[in-house]
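Taking it in order: structure first as C-alpha cells, then the write-up.
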Amino acid sequence: MRKVLFFLLLALLAAPVFARAVSAEELDFTYRLNFNTGFHYDRWNVLSVTVQNRQGQDWQGTVAVEYNGAYEAEIFAAAGLDTTVLFFLPPGSLQDYFQQPYLSSSSPIRIKLINSGGSTVKAKTAVAVPAETGYYIGVFSSRPEHFGRLANLADGAVVVPLENSHLEHELCLESFAVIIISDLETLRLKREQSGRLAAWVERGGLLVIGGGRGWQKNIADLPDGLLPFKPDGTALSGGLQPVGGDFSFSDSGGDYLFSTGTVRGGVLLAAAEHPLLVGGRHGRGTVLYSTLNLEDPPFHNAHNFEAFWGYLLYANLEHLAAAPRASAQWYFSEIIRFLAFGNINVGLLSPGKVLLGLLLYIFLIGPVNYFVLKRLQRWEWAWFTIPALALLFTAATYFVAAVSRTSELTNYQVNVIEIYHEHKAVVQSYTAVFVPRRKDLLLTYPLQHLAAGPGVTVTAGAPPGTTTLKLANPPLWSLRRAYGKSGAELAGALRAAVDLTRKQPEVLLVNHTGFDLIDSYVRLGVNWYGTGELKSGAQKSVPLTQAGYVDLSGVLQRYAAKGAGQYYPHFGLEELFDYSAGLTLLGFSDSPAFFAPEGAASVVLNILIASTDTAVFNLAPAFDLPEGWLIPKVIARNDAAAKEPFHPSGQDRYFSGTGHVDLVYNLPPGIDYSRGAFKLNFGGGYHENSIVITAYNHAAGAWTAVGEVHPRAPQVLHLSNLPDLVREDRLLIRIAYNGELTFAPGRLLSIEGGGLK
C-alpha cells in the first residue's frame with residue numbers, strides 16, 4: 001500500500017513537469033535577421049522572432065535576446081496562432097563604445113523563450129554572419145521580382161520586397177538607399193507610416209514612384225508635399241523617345257500610357273509630348289516620379305529597363321552612398337569617461353597628498369606604534385593596533401574617494417544632433433549612468449530604441465515609446481553605458497551661408513535651435529574656421545581669415561573641476577560627419593539634456609551638426625574656386641576598403657586592388673558651364689600604376705575619356721564639353737585603378753575664370 005501511495009505521489013509531482021514538457025514541444029519559435037542577408041556592422045539590425053503556439057491554451061512569457069547586451073520583450077501568444085516581436089540590435093561598431101572585447105564575425109545571438117515562472121522553455125542560437133550587401137533597394141510591388149535586375153546596375157545592392165509593416169519602425173528603413181513604389185494592388189499606409197517614409201527621404205533617401213496604370217493607388221497614402229508631379233489622369237501617346245539624347249528606348253512602337261498632371265519639380269527626362277521623369281529635392285533626399293508605369297512596356301524589354309534605370313541611378317549616385325557608416329565609437333566612450341571623472345576634485349587626491357598619506361601611515365604603523373607599545377610594555381597589543389590602523393586608513397581612503405565623486409545618480413550624456421532639414425534632426429545619444437551605490441536600478445528613457453552594454457537589460461517601457469534599462473546590482477562607482485538613436489525636432493533652424501563676392505570670404509550664421517552654443521566652427525571646403533559663441537536667436541557674420549582645427553579643450557574645460565589638470569583625450573570629430581560639398585557648421589552646447597531618465601541628474605554635451613550644399617555659395621559674376629573648396633561624394637561600392645570609410649572624403653583616401661572610384665560633385669547653382677577652365681589636379685597622392693579618368697557624358701549616355709595619369713607624374717587634366725557633363729549642377733568623375741591608389745578627393749577639382757549665367 002505504501003508503495004502504491006509513493007508512486008501516486010510521485011506521479012502527481014511529476015505531472016506538472018511532464019505537462020510543461022509537452023507544452024514546450026508545442027511551443028516553438030523561428031527567427032529572421034534583417035532580410036536573411038546577414039548582420040550589419042555599421043547600422044542597426046532587425047531581428048524578428050515569431051512564436052508559434054500550437055498548444056490548446058494561451059501562453060504568456062518573455063522573449064529574451066543576448067548580443068552585446070540583453071534585450072527582453074513580453075509576449076502574449078494566443079492558442080493556435082503565431083505572434084511576432086521585433087528586436088533592434090545595435091551596430092557591431094558600438095562594441096568599442098561599450099568597451100567590450102572584439103566580437104568575431106561568428107559571434108552568437110542567443111534567443112530564449114522564458115515562461116512567467118522564469119524558466120527557459122526554448123532556446124536557439126543564431127550566428128551573426130557579416131552581411132555582404134552595401135545597401136538595400138526596397139520595392140513596394142505586387143511583382144517585386146520584376147526589379148531583380150537592379151542588382152546588376154548598382155554595385156553592392158540587394159533588391160528586397162517591402163511590406164507595410166516595414167514602415168512601422170524608422171530603424172527598419174535605415175538600411176535602404178532606394179525605395180520604389182510601383183503597380184500596387186494595395187498600399188494602405190497609416191499616417192505614422194507615411195510620416196516615417198517622408199522622414200526617410202529627408203534624411204537622404206531616394207524615392208521612385210511609378211505612374212501610368214495604377215497611378216492613383218501609388219500616391220493615395222503619400223504626403224502630397226513629397227510629389228514632384230501631381231497626376232490627375234492618364235493619356236495614350238506614341239512619343240516615347242527622350243528628348244536631348246541622354247539615352248534611347250528600343251522597340252518603342254505603338255502607344256504608351258502616361259500620367260498627365262502638373263509638374264512641381266524639375267523635368268529630368270522628357271519625350272516630345274510628355275515629361276518622362278520629374279524630380280524634386282526634400283531635405284537631403286530626392287523624390288522621382290515616372291509618368292510611365294515602371295512594370296509596363298517599354299520596361300518589359302531588358303535594354304529599355306537597364307537604360308532607364310542606369311540613367312536614374314547614375315544621376316543619383318550620392319544617395320547610394322548615403323548608408324550609415326561605422327565611426328570610431330571609442331571617441332564617445334572617452335568623452336563620456338571624461339565627463340564622469342574629469343570633474344573629480346583632484347586636490348584631495350593629488351600625488352603629493354597621496355604620498356604624504358602613505359608616509360604618515362608608515363610612520364604610525366612603524367616607529368610610532370613601536371615606541372608607544374614599548375613605553376607601555378604592551379607588545380601583545382600589536383595584534384590590535386596594526387589592524388586598527390590599517391582599517392582606519394582604509395576608511396579614510398574610502399571617504400576621500402567618496403567625497404571626490406558625486407553621491408547622486410547621474411546620467412552623463414553626449415548627444416550628436418545632426419540637422420538634416422530645417423529644424424528636423426537625427427539624434428545619437430551616447431549615455432552612461434554613474435552608479436553611486438549598490439542596488440538594483442530601473443531607469444526609463446524617452447526613447448523607443450536603446451542599445452546597452454554588459455550588465456544592462458533593455459525592455460519596453462511605459463508609456464509606449466519609452467525604453468527601460470534594468471541594472472541588476474551594478475558595481476559601485478561604475479558607468480553603465482547605453483546608446484540610442486531617434487528623430488527629433490528643434491525649436492528652429494541652424495543655418496550657415498558664405499559670401500564669396502568679397503575679397504575675404506565671410507560666413508553668416510543664424511541660430512534658432514533653442515541651444516546656446518558655447519563654441520562653434522565652420523568648414524568651407526577642407527578647411528575649418530573658428531566662429532565662437534552663438535546664442536539661440538542670434539545671428540552674426542564672421543570673416544574667414546585663418547584656417548585652423550576643431551579644438552575641444554576649451555569646451556571640455558567647462559566640465560572639469562578646479563585643479564583637475566589640462567589633460568584631455570584626443571577626439572576625431574571628423575568622424576561625425578561626411579565632408580559635404582557646401583558648408584558644415586559644428587556647434588557645442590552644455591544643455592539641455594535631450595533624453596534623460598527620471599530621478600537622475602544629467603551632465604550633457606550636445607554636438608550640433610548642420611551641413612548645407614553649394615546652394616549657399618554666393619558667387620561673384622566672375623569667380624575662381626581653388627583646390628580644396630569643392631568636396632565630392634566618394635562612391636566605391638566594389639572596393640572592400642571603401643565600404644567602411646574611416647577617413648572623410650575631404651582627406652586622403654586609400655584603395656587597393658582593381659576597381660574604380662566615382663566622385664559626385666554638386667556644384668554651386670547658376671554657373672555658366674561654357675566659360676572657365678575646369679581642372680582635375682593630380683599633384684599629390686600616390687598610384688603605382690597609371691589611372692584612367694572618365695566623366696559621365698549625359699548627352700551620350702556613357703562614360704567618356706578625360707585622360708590618363710601616370711605614376712609619380714603630377715598632372716592637370718582639363719575637362720571639356722562641360723554642358724554635356726553636367727546635369728542639375730551634378731558632375732560625375734570616375735577613376736579606374738589597378739594596384740594601390742591614394743589621393744585627396746577634396747583637393748582635386750578647381751575652377752578658374754568661371755562665370756555665372
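Could you work out what % of the accessible surface of region 164-244 is carbon and sulfur, using a 1.4 angstrom probe and leaving DNA, RNA and ligands out of the count?
Its accessible area is 49 percent carbon and sulfur atoms.
When ligands, DNA and RNA are left out and all protein chains stay put, how many square angstrom of accessible area per residue does region 669-757 have with a 1.4 Å probe? Let's see the in-between values first.
Values: 3790 Å² over 89 residues.
So region 669-757 comes to 43 Å² accessible per residue, rounded to a whole number.
If you roll a 1.4 Å probe over the heavy atoms of the protein chains, what accessible area per residue do you get for region 162-246, in Å²? Spell out each step's value before the answer.
On the way: 3200 Å² over 85 residues.
Accessible surface, normalised per residue, equals 38 Å².
Hey, can you rank 659-666, 471-478 by average C-beta count inside 10 Å, highest first?
Details: 659-666: 21.6, 471-478: 14.2.
By packing density, highest mean first, the sequence is 659-666, 471-478.
Would you kindly derive the ³J(HN,Hα) couplings of region 419-435 from the backbone phi angles with the Karplus curve 6.51 cos²θ - 1.76 cosθ + 1.60 (θ = phi - 60°), listing them in order in whole Hz, with x for Gly and Pro?
7, 10, 6, 6, 9, 9, 8, 9, 10, 9, 10, 9, 10, 8, 9, 7, 9
Short version: ³J(HN,Hα) in whole Hz for each residue of region 228-242, in order, from phi by Karplus 6.51 cos²θ - 1.76 cosθ + 1.60 (θ = phi - 60°), x for Gly and Pro, what are they?
Result, ordered by residue: x, 9, 9, x, 9, x, 9, 8, 8, 8, x, x, 10, 5, x Hz.
Relative to the compact-globule scaling 2.2 N^0.38 Å, provide the ratio for the alpha-carbon radius of gyration of region 162-208.
On the way: Rg = 10.0 Å, N = 47, 2.2 N^0.38 = 9.5 Å.
Working it through for region 162-208, the quotient is 1.06.
List every residue whose amide H lies under 5 Å from the amide H of GLU728, counting only residues 5 or more places away in sequence or on a different chain, with H placed 1.01 Å from N in the peptide plane.
Amide H neighbours of GLU728, under 5 Å, 5+ apart: none.
What is the packing order of peptides 456-463, 66-73, 545-552, taking the mean over residues of other C-beta atoms within 10 Å and listing the highest first? Kindly include the intermediate steps, with their values, before the conclusion.
Values: 456-463: 17.0, 66-73: 20.2, 545-552: 12.9.
Taking the mean over residues of other Cβ atoms within 10 Å, the ranking is 66-73, 456-463, 545-552.
In whole Hz, what ³J(HN,Hα) sequence does region 716-730 give by Karplus (6.51, -1.76, 1.60; θ = phi - 60°), x for Gly and Pro?
Listing the rounded values in order: 10, 9, 9, 7, 10, 6, 4, x, 7, 8, 10, 10, 6, 6, 10 Hz.
What part of the accessible area of region 37-108, given as a whole %, is carbon or sulfur when the probe is 1.4 angstrom? Let's see the in-between values first.
Numbers: 1340 of 2810 Å².
Whole-percent figure for carbon plus sulfur exposure: 48.
Where Lys and Arg each count +1 and Asp and Glu each count -1, what net charge lies around GLY453 among other residues with Cβ under 10 Å from its Cβ?
Details: positive: ARG480, ARG481; negative: none.
My count for the surroundings of GLY453 gives +2.
What does region 158-314 give for Rg and for Dmax, in Å, if only its C-alpha atoms count?
15.2, 44
Taking the alpha-carbon centroid of each part, what is the distance from region 110-177 to region 442-483 in angstrom?
The two parts, judged by their Cα centres, are 25 Å apart.
Skipping prolines and chain starts, which residues have an amide H placed within reach, meaning under 5 Å, of the one on VAL129, given they are 5 or more residues away or on another chain?
Distant-sequence amide H within range of VAL129: PHE39.
Going by average Cβ density within 10 Å per residue, which order do the peptides 292-298, 580-586 take, highest to lowest?
580-586, 292-298
The values are calculated or read from the model by the stated rules, or taken from the named source; none is laboratory data. These numbers were taken from a predicted model, which means no experiment stands behind them. Neighbour counts are summed over all protein chains in view; Cβ atoms, including those assigned to glycine, are modelled from backbone coordinates with ideal geometry. The accessibility values were calculated without ligands, DNA or RNA, using every heavy atom of the protein model including side chains. Shrake-Rupley method; radii C 1.70, N 1.55, O 1.52, S 1.80 Å.
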